[in-house]
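K.L.:
Please read through the structure below; I'll follow up with questions.
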Amino acid sequence: MKKLSLLPVAAVVGLLFFQGTTKPEVENYPIHPELTPDMPANIKAIVDQKCYGCHNAESKNEKGKEKLDWDAFEASKKSKQMATKGKITEALEEGDMPPKKFLEMKPEGKLTEAELATLLEWSRGKKKGEN
Ligand code: HEC
């Protein structure tokens, strides 16, 4: 009898241990821990490196800021975000962003194939290949 009564305790300890080992994926990307579901950490990491410099509220790139401000994007309503994501998808599909002129001076600013695919998957709101 004594042994049996330890079973529930073992189960609880086991469960706690299990939960402790399944950390959310987000922790792989330390840049912005306070992520909203609309801006997953992997997306934010790419945007920070390749887009944010021109597209933020403080940007000196007036045209870029006017067209897209990621700070405002994050704070905006879901419906607005959906519309913006459509524009982002378009710009990426056309290969317009980052701008070619900028890439001539700063080739390392170009999105890698993997980054492009990841961003598109997010902006389209679908899995790759579903279209
Ligand atoms: C070097 C600065 C720069 C970088 C880096 C940059 N952009 Fe832009 N972006 C601009 C400018 C300038 C415009 C306005 C272009 C125009 O109106 O002709 C723009 C416009 C846009 C637009 C609006 C398109 C439209 O016509 O509505 C989107 C969406 C966009 N950028 C997304 C991105 C994304 C996504 C990234 C990162 C992969 C990115 N941009 C990186 C400067 C930049």
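K.L.:
Test of understanding: what is the full-extension gain from Lys85 to Tyr52, defined as 0.36 nm times their sequence separation minus their Cα-Cα distance?
P.N.:
Fully extending the segment from Lys85 to Tyr52 adds 10.4 nm.
K.L.:
Quickly rank 47-57, 94-104 as a protection proxy: mean count of other C-beta atoms within 10 Å, highest first.
P.N.:
So the peptides 47-57, 94-104, ranked by packing, come out 47-57, 94-104.
K.L.:
Run the dipole for region 35-131 about the Cα centre, Lys and Arg Cβ at +1, Asp and Glu Cβ at -1, nothing else charged, and hand back the magnitude in debye, nearest 20.
P.N.:
200
K.L.:
In whole Å, how far is the Cα centre of region 99-121 from that of region 47-79?
P.N.:
16
Laboratory data are not the source of any read-out in this text; all were calculated from the coordinates shown. The shown structure was predicted, so the numbers you read here are calculated from the model rather than taken from an experiment. Methodologically, a virtual Cβ is constructed for each residue, glycine included, from the backbone with ideal geometry; neighbour enumeration extends over all protein chains shown.
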